[in-house]
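J.: One structure, pasted below without further comment.
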Amino acid sequence: MPLAKVVFQPGINKETTSYGSEQGWFDSSLIRFRKGRPEKMGGWQKLSSSTIQGIPRSMHIWASLDGNKYMGLGTESKMYVEEGGNYNDITPIRKTVTLSSNPFTTGSASSGTVTVTDPGHDANTGDFVTYTGATTTDGITAAQLNLEFEITVVNSNSYTISTAGSASSGSTAGGGTPTAAYQINAGLVTEVSGTGWGAGLWGGLTSGYPQTTLDGAISDSETSSIDLTSAAAFETAATTLSGALTVQSTIVALASSSGMPSKGTILVDSEKIIYGTNVGTVLGEITRAADGTTIAAHSDGATATFVGLILIDDELIQYTGKSSNDLNAGIVRGVRSTAAAAHSDDVVVKEANDFVGWGQASSISASDGQQLRLWFQDNWGEDLAFNVFDGAPYYWDKTLGLSNRATTFASQTGASATPTITRQIMVSGTDRHIICFGCNPRGETAQDLLQVRWSDQESPFDWTPTATNTAGSQRISSGSEIIRAQKTRQEILIWSDVNLHTMRFVGPPLTFSFTLVGSGVSLISSNALTAIGDRVFWMSRENFHAYSGRVETIPCTVLRYVFDDMNIDQSRKFFAASNRMFDEVIWFYVSSDATEIDRYAKFNYVEGTWDIGALSRTAWTDFGVHDFPRGAGSVDGTQYVYLQENGYDADGSAMTSYIESADFDLDPDGDKFMFLSRLIPDIDITTSSSSAVNYVLKTRNYPGESLSTNSTNEVSSTTTQSFLRARARQATIRIESSITDIAWTLGDLRLEIKPDGRR
C-alpha cells in the first residue's frame, strides 16, 4: 500500500478540541518550534553549588570596566550580588542599635534557642540580624553569638534566635552590651489572597460562616441589645497589650490571645486595628487606623477588645460583647458604609468577621514588608541601583567591594531630595537619568503611586530641580497607580492600572515628554512583560499583547488553556522572560492547583508559534554578558541558579520532553475504519549513545471515546521503519524522550494505511 504523509501545522493549538485541531499539535512540554519543526529544548546546569536564602524573584546582569561580570539577585529576604558563582549578601541594614545590658536569655539547658530583648525592634519573623560585641552567655560562646541569625518574633519587645551552641543551665541572661544590625524587613514568600480591593468573594463573605436568626425585631437605631436565637458561634474576647504600641508598630503583642479569632479587628482605645494572623500572643499582618479611626500610640496594659461583625440583610453591625444570646456591648449600626435599617424577627444573622468589603483596603501594607517581595534593579555604570516594590531605593557601590552592603539613596554623599519610597527604580538609556516611578513627591513623605521623578543628568543623587540641571517630575494623568515601567531602545513605557504611556527624553527645559498611547491596557502582574529591542511583550488579565509603536493583541492558540489553568491568587508571581537565542518570549505562571510557578507558555515572535509545558522557574535573565540565559529554580526546596540552554539534560538528570498531536482521521473523510501496519519516522537525533525516542500511537473510533495506547515504538538515529497493528478511525502520535544525553528534531511522519471497512 502507498505511504501517507502526515503533516502537522507548527505550534500548539488548544483553542478547540483535539479532534477540532486536526493536522495540528495539541500538547507539549520542554520542546520548541524552530523553522516550523518541533525539537527538544536545551537543558540546564547549576551555575554553582552555592545556595540562596529565599526564593529568587529578580535577576539582573551587567559587567564592570575591569571585565568582571555581576548578577543582582533578590529574594523575599535577601539581595545578593553574584560574581564567579558566589553569592555576596548586600542586603541593606534597616537600623543598628546598641542593646541594653545582658539582652540574651537562654532557653532550657542543652538548647541553642536564645530570647533577645530589644523593645521596639520592629522586626518581622524571617528578618535577619547580625550581632557584634556579644559576650559568652550560659555556655553559648561569643563566637556563636556574633553572627547573623534569622528572627522569630515573640512580641514587640523580644524575639528568638537559634544558635549553634547549647546552654549550660538555661534561663540565664547575659551577652554584655552587643550591637544589633537589623536588615530590612523580609517580605512574604507567597501572595496572601482574600485581602485588598476586589479580592474578597462576591458579597464579601467567606464560606462556612456561622449564622443564626434574630429573636425579636430591631429598629434602625437599636444600639443597646440585639437578641439572637443563639449567640454561641459569635466571637467576643478582650485582653491587654503586652508592651506599648507605637504609631510605627507593625505587630500587636498581647498579654493573652485566648479567645481571639485567627483574624479580624480589635479596638485599642479609639483606634481600630485589623489583623491577619494570630500566632502565640502576637497579632500580625496588621492595618492601623482601620474604618476611618486615627492611628495612635497606646500604653502597655491598654485594653484590646475584639470587634465582632454581623450581617443582617445588607447592614453590617459591629459589637464587642455578648451575654447569653444577646449582643449587648459596643453596638455600632451601619458600619463600613452600609445603611442602618430595621430588621424583622427571625431574619437571618450572619457572622461577618472575615468580611472583605468591595473597595476595602488590604490588611497587608507595604511599609511593614508583609507582601510578596518583588525587586527592581538596574545598573548605574558599574554600580547597582535597586528597590523593593513600594520600598526605599538603594545603591550598591562596586568600588567598595563585594562585602559592602547597599545603602539608601538618601544616605549618599551629596544626596538632595532623593525619593524615600518608590514602586520601581530605573536608569534611563543614553541620557543617563535615574528615574523613580510611583514615588513620594519632592518635599513629601507619602507615596504617590502616579508620581514620576528623575535625577539630574549624570548625577544620580541630585533630585532637586534647578534652572541649571535636568532633575524634575511629572504626575501621570490617568489611572490610580503605576503598575510598571519598561525601557526600550527609543522610549520608556509606563503602565498604569488603566492606560499605557510613553516617556521620551527631549532635553531641557522639559527633559522628558509623556504621551498616552493606549487606553484600557492592563498588566496581570508587574513582571509579566519583557522587552526585546523596541518591541515589548506582556500578559494582561485576558490576553497577550505587544507594542512596537502601537498596542496590538497577539493571536494566541493556547489562550483559553493558559487562562483557565492559572491560579490568579498568585498572579503577582507571574513573569515574562526572553530567550533571544531562539526568538522566544516565555510567560511563567502558577497553575490552578499550585501555589508556586510550575507552568509556562512560550511564544516564538518571529514564526508566530506557541507551545506550553511544565517548568518551575521563579526568575530569569537572558544571555548578555554571560553566554547562557539564567533561570532560578529549586531542588527539594533548596534554591539554585541554572545556566539554561546548556546541554541536553536537567542538571545531569533526564528531561521529560514530549509533543503530542491532535486527533487526525486515518480515512480522509473520517468515515471508514483504517488499518495501520507500518510507521516511517523522520527524526534527527543527537546523542553520544544509541539512545532512542519513543513514538507512541494512540487510537480511538469516536471523538468522545478515550484514547487507547496502541503501540510504543523506539526510534533511534538508525531506525528506518517500525511495524505496528492498529485498527481505528482516528489516531494521535506522541513523540517523547525521558533519558539523558539526547536531543531531537522532528521531520514528517509517514504511515502505511489501508481501508478496513465501515464497521
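FYI, it's all coordinate maths here, none of it is from the lab. In this text the structure is predicted, and so the values were computed from the model without any measurement. Cβ sites come from the backbone with ideal geometry, for glycine too, and all protein chains shown count toward neighbours.
J.: Calculate, in nm to one decimal, what T656 and E382 gain on full extension: separation in residues at 0.36 nm each, minus their alpha carbon distance.
T.: 94.6 nm
J.: Let me ask something else. Please work through the chain and write down the cysteines that have no neighbouring cysteine Cβ at a distance under 4.7 Å.
T.: Result for the chain is C556, no neighbouring Cys Cβ within the cutoff.
J.: At a 10 angstrom cut-off on C-beta neighbours, averaged per residue, how do the peptides 242-255, 212-225 rank from highest to lowest?
T.: The packing order, highest mean first, is 242-255, 212-225.
J.: Would you grab the residues whose amide H sits under 5 Å from the one on G647? Only those 5+ places off in sequence or on another chain, please, with H modelled 1.01 Å from N.
T.: Long-range HN contacts for G647: G43.
J.: Suppose the chain between S168 and R489 were pulled fully straight at 0.36 nm per residue; how much longer would it get relative to their current alpha carbon spacing?
T.: 109.2 nm
J.: How much net charge surrounds I434 when only the other residues with a Cβ under 13 Å from the Cβ of I434 are counted, with Lys and Arg +1 and Asp and Glu -1?
T.: Here the count lands on -3.
J.: Next question. Quick check on the exposure proxy: order F664, F33 from fewest to most C-beta atoms within 10 angstrom.
T.: With the fewest neighbours first, F664, F33 line up as F664, F33.
J.: Please give the FRET efficiency for T553 paired with E645, using the beta carbon to beta carbon distance and R0 = 45 Å, rounded to the nearest 0.05.
T.: About 0.95, to the nearest 0.05.
J.: Measuring from a point 7 Å past the Cα of V7 along Cα-to-C-beta, which residues in segment 727-750 have an amide N at less than 18 Å?
T.: Answer for this model: 746-750.
J.: Here is a follow-up. Nearest 500 deg cm²/dmol is fine: what mean residue ellipticity at 222 nm does the chain get from its DSSP H runs of n ≥ 4 alone, each adding -39,500 (n - 2.57), divided by its residue count?
T.: Calculated at 222 nm, the ellipticity per residue is -500 deg cm²/dmol.
J.: Each label point is 7 Å from the Cα along the Cα-to-Cβ direction; what then is the distance between the points at V347 and N86, in nm?
T.: 7.1 nm
J.: What is the Å³ per residue value for the convex hull set by the Cα atoms of segment 211-351?
T.: Cα convex hull per residue, to the nearest whole number: 97 Å³.
J.: Quickly rank 489-496, 594-601 as a protection proxy: mean count of other C-beta atoms within 10 Å, highest first.
T.: So the peptides 489-496, 594-601, ranked by packing, come out 489-496, 594-601.
J.: Using the basic label-point model (7 angstrom from Cα toward the beta carbon), what is the S337 to E542 distance in nanometres?
T.: With each label placed 7 Å out from Cα toward Cβ, I get 2.3 nm.
J.: Continuing with this model, one more query. Determine the distance separating the Cα centre of segment 211-241 from the Cα centre of segment 592-620; give it in Å without decimals.
T.: 51 Å
J.: For S708 and D684, what does the FRET efficiency come to when R0 = 30 Å and r is the distance between their Cβ atoms, rounded to the nearest 0.05?
T.: E between S708 and D684, to the nearest 0.05, is 0.50.
J.: Per residue of segment 528-543, what does 6.51 cos²θ - 1.76 cosθ + 1.60 with θ = phi - 60° give for ³J(HN,Hα)? Whole Hz please, x for Gly and Pro, Karplus curve as stated.
T.: Using θ = phi - 60°, the values come out as 7, 8, 8, 10, 10, x, 9, 10, 10, 10, 8, 10, 9, 7, 9, 6 Hz.
J.: Any of K398/K573; K398/K487; K46/K698; K272/K350; K40/K78 with alpha carbons more than 32 Å apart? Name them for me.
T.: K46/K698; K40/K78
J.: Distance from the Cα centre of segment 121-179 to that of segment 479-550, in angstrom?
T.: 47 Å
J.: Spin-label point model (7 Å from Cα, Cβ direction): what's the T466 to S299 distance in nm?
T.: Computed distance between label sites T466 and S299 equals 5.1 nm.
J.: Order these peptides, 316-322, 708-714, by their mean beta-carbon neighbour count within 10 angstrom, highest first.
T.: The densest-packed peptide leads the list: 316-322, 708-714.
J.: Related question: At a Förster distance of 30 Å, what's the computed FRET efficiency of E607 paired with D534, Cβ-Cβ distance as r, to 0.05?
T.: My answer for the efficiency is 0.95.
J.: Further, regarding this structure: Using only Cα atoms, locate the centre of segment 321-343 and the centre of segment 19-67, then give the distance between them in Å, rounded to an integer.
T.: Answer, in whole Å: 57.
J.: If you split all Cα-Cα distances of segment 375-524 into 5 Å bins from zero, what percentages do you get per bin, shortest first?
T.: Reading the bins upward from 0: 2, 10, 20, 24, 21, 13, 6, 2, 1, 0.
J.: Can you give the Rg to Rh ratio for the chain, taking only C-alpha atoms and Rh from Kirkwood?
T.: Across the chain, the Cα-based Rg/Rh ratio is 1.03.
J.: Full-extension gain between T132 and S324, please, as 0.36 nm times their residue separation minus the C-alpha to C-alpha distance.
T.: My answer for the length gained is 63.5 nm.
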